[in-house]
Amino acid sequence: MAIRTVVWGENVHEQHNEVVARLYPDGMHNCIASALNADPDISATTATLQEPDHGLSEERLAETDVLLWWGHAAHGDVADEVVNRVCEAVWSGMGMIFLHSAHFAKPFLRLMGGPCNLTWREAGERERLWITSRNHPITRGLPDSFELEMEEMYGEPFGVPEPLETVFISWFQGGEVFRSGLTYKRGAGNIFYFRPGHETYPTYHDPNVRTVLKNGVKWAFNPMARIAEPTAAPNVPVDRAPEKIEERGPKLHKAGEEGFR
């Protein structure tokens, strides 16, 4: 069965910026989905900020194996209820890929538990991405390095937790460097952050970038069944302890009573 993938797009710049609309006439989300659908192992659909529940209802997320997220101008417009829903889906085993300026997206901030800040410059600089983890599944089919002729600069320090792996590092024409491909594990969910993707440049039309996206989906996919109630913190009764014990001492909670949260 193909990996069920949803590409979430803010869909704001495409409506208001002529350059973005010309580069992505069907929206950035549809451009990314078309790249993924070129792979027979992936079945990609889209969702946008403007839809009810931002297109991410509980039912939709339950049927999503991997979610890709692109946002920039409207991070604050994403409903906290949807953010909670997305994070719980990741903790339960859904794969997640955050793209470019989604480093400030509400779900990324929550899952990383840090400021996720960086330095930046919008000057159409050349970017060279270097593979730093050879034979990683996300790098399959790529050369040791590849160039994007025009991109926005992101520079270190990047205010994120230490990743499981750094897959790519970027050098920019102005001299800065940046960890552009990072992997994480949160609960049962695999997370991949991939830096390129500024909206006024044709980044998502680039063959190497499209290869990374397809590989990233396959890496993030977890074939295991989702964990039910990933945030549950049950009070285990004495008679269900793995070893026989006797109750003693004062207690704050009655048997079976929920704890404070």
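Worth a mention:
- Candidate set: segment 231-246, residues that are part of a helix (DSSP H, G or I) and either over 30 Å from Cys87 (Cβ atoms) or in contact (Cβ under 8 Å) with a residue 60 or more places away in the chain (or both); chosen: the one least open to solvent (accessible area, probe 1.4 Å): Val238
- Options Arg195, Arg248, Arg240, Arg226; residue that is within 30 Å of His13 (Cα to Cα) and among the basic types (Lys, Arg): Arg195
- Residues satisfying the stated conditions in segment 127-167, i.e. among the aromatic types (Phe, Trp, Tyr) and part of a loop (DSSP other than H, G, I, E, B): Phe158
- Elements of the type strands (runs of 3 or more DSSP E) sitting completely within segment 1-83 and holding at least 2 residues that are touching a strand residue (DSSP E or B) at 6+ places or on another chain (Cβ under 8 Å), open to solvent by less than 10 Å² (accessible area, probe 1.4 Å) and not small (Gly, Ala, Ser): these cover 3-9, 66-70.
- In segment 164-191, the residues that are free of Cβ contacts under 8 Å to residues at least 60 places away in the same chain reach residues that are open to solvent by 50 Å² or more (accessible area, probe 1.4 Å) and of a type in the set (Gly, Ala, Ser) with C-beta atoms within less than 8 angstrom, at least six apart or across chains, in these pairs: Gly174/Ala123.
Residues checked against (1) modelled with pLDDT of 95 or more; (2) open to solvent by 50 Å² or more (accessible area, probe 1.4 Å); (3) among the acidic types (Asp, Glu); (4) not in a strand (DSSP E or B):
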| position | (1), (2), (3), (4) |
| --- | --- |
| Arg179 | yes, no, no, no |
| Ile191 | yes, no, no, no |
| Gly197 | yes, no, no, yes |
| Thr200 | yes, no, no, yes |
| Asn208 | yes, no, no, yes |
| Thr211 | yes, no, no, yes |
| Asn222 | yes, no, no, yes |
| Arg226 | yes, yes, no, yes |
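- Filtered residue count, segment 84-105, keeping only those that are open to solvent by 20 Å² or more (accessible area, probe 1.4 Å) and out of contact with any His (no Cβ under 6 Å at 6 or more places or on another chain): 4
- Residue within segment 134-156 that is in contact with a helix residue (DSSP H, G or I) (Cβ under 6 Å, 6 or more places away or on another chain), at pLDDT 95 or above and open to solvent by 60 Å² or more (accessible area, probe 1.4 Å) present: yes
- Count - residues of segment 94-126 that are of a type outside the set (D, E, K, R) and outside any strand (DSSP E or B): 18
The values are calculated or read from the model by the stated rules, or taken from the named source; none is laboratory data. As the structure is a prediction and not an experimental result, all values here were calculated from the model. Ideal geometry is used to build each Cβ from the backbone, glycine not excepted, and the neighbour counts take in all protein chains shown. Protein only, heavy atoms only, side chains kept; ligands, DNA and RNA dropped before computing areas. Shrake-Rupley method; radii C 1.70, N 1.55, O 1.52, S 1.80 Å.
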